[in-house]
Amino acid sequence: MGKKLHTASGRRFILLSLVMWCVTILFLAPFYVLIIYAFKPREATMLKNPLAFPDTLYLQNFVEAVQKSDFLRAFTNSTVSTVCGVIVLVLICSMAAYIVVRRGNNRFYGIWQYIFLASVMLPFQTIMFPLYKNLMNLHLLNSRPAYVLVSVGFQMGFDIFLYCGFIKTVPVELEEAAAIDGCSRMGIFWRIVFPLLKPVTMTVVVLSALGIWNDYQIALVVVSKEAVRTLPVAQQSFIGQQISYLNLASAACLLSIIPMFFLFLFLQKFIVQGVTAGAVKG
């Protein structure tokens, strides 16, 4: 009997391993194609096997991609917009979530948590045309502040939801002790509560940065002009109606991935803890 159980357990382990390897290959396949196209000349991908590994690393694709797409300007626009958006989101969402949680017994404040959560399900397409018209009337179209403002608005609901779940795990007794010592409400939050929110803050930083950095729909509507366009919008210049430069597009895409890759690499240990606390306690 024990031998049969051991055999069944071994088969189950082998089957699970095969499934995991298949899923891993499925997720890594797009990155393989991206890297192959980025390091191969256009002629090699058209005349030979496009998925074959390159004989030599063709770096000219990166040079042409930077020159033809005005990569440095788009990189600067994406960097400034992402940094400003993340800072605004951390400041506003943490304070809003703190008030919502600590005054949750009040019906007015309690309902706001569900309003913020409901905003996550609002698709951008439903308000795209009214948003464009309002920004045009306010003379904010094709400007960094407008892009940051719209991006913050769409990220805010989910970030507040995460903060609310984590703040519920912070003991109220710490705040009561600080209040007895004469600390103000703002002092309690910034000196006592906010330092304890480091895991969820790092989670918000990573997820918000990824959302703003990789966004295409909002950027295409709000910052479509060349002077203020971000990386996702700039990369569409390689794809035309008559001809497409997939090798240059792959090189530019690979360059744009690097900053977010390192950001995720350095802060990944906080993500699981922050998301889990926000989901379970929220």
*Can you tell me the accessible area per residue over the chain, all protein chains present, probe 1.4 angstrom, in square angstrom?*
60 Å²
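On the protein heavy atoms, probe 1.4 angstrom, tell me the percent of accessible surface of the chain carried by carbon and sulfur.
Carbon with sulfur: 69 percent of the solvent-accessible area.
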*Furthest towards positive pole of dipole, Thr24, Phe154, Met128, structure part the chain, Cβ charges*: Thr24
*asked:* Between Asp55 and Phe129, what is 0.36 nm times their sequence separation minus the Cα-Cα distance? Round to one decimal in nm.
replied: 21.8 nm
_With θ taken as phi - 60° and the coefficients 6.51, -1.76 and 1.60, list the Karplus ³J(HN,Hα) couplings across the stretch 197-204 in order, rounded to whole Hz; mark glycine and proline as x._
8, 4, x, 6, 5, 5, 5, 5
*Mind checking the full-extension length gain between Ile257 and Arg185? Use 0.36 nm per residue of separation minus the Cα-Cα distance, one decimal, nm.*
21.9 nm
*asked:* Order 185-194, 32-41, 121-130 from most to least packed using the mean count of other Cβ atoms within 10 Å.
replied: 32-41, 185-194, 121-130
*Distance (nanometres) between label positions extended 7 Å along Cα→Cβ at Leu220 and Asn137*: 2.5 nm
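What does the highest-first list of 16-24, 168-176 look like by mean Cβ count within 10 Å?
On the way: 16-24: 10.0, 168-176: 13.1.
Taking the mean over residues of other Cβ atoms within 10 Å, the ranking is 168-176, 16-24.
The values are calculated or read from the model by the stated rules, or taken from the named source; none is laboratory data. Since the structure is predicted, the reported quantities are computational estimates derived from the model, not experimental observations. All Cβ positions, glycine included, derive from the backbone under ideal geometry; neighbour counts span all protein chains shown. Just the protein is used for accessible areas: all its heavy atoms, side chains included, with ligands, DNA and RNA removed. Shrake-Rupley method; radii C 1.70, N 1.55, O 1.52, S 1.80 Å.
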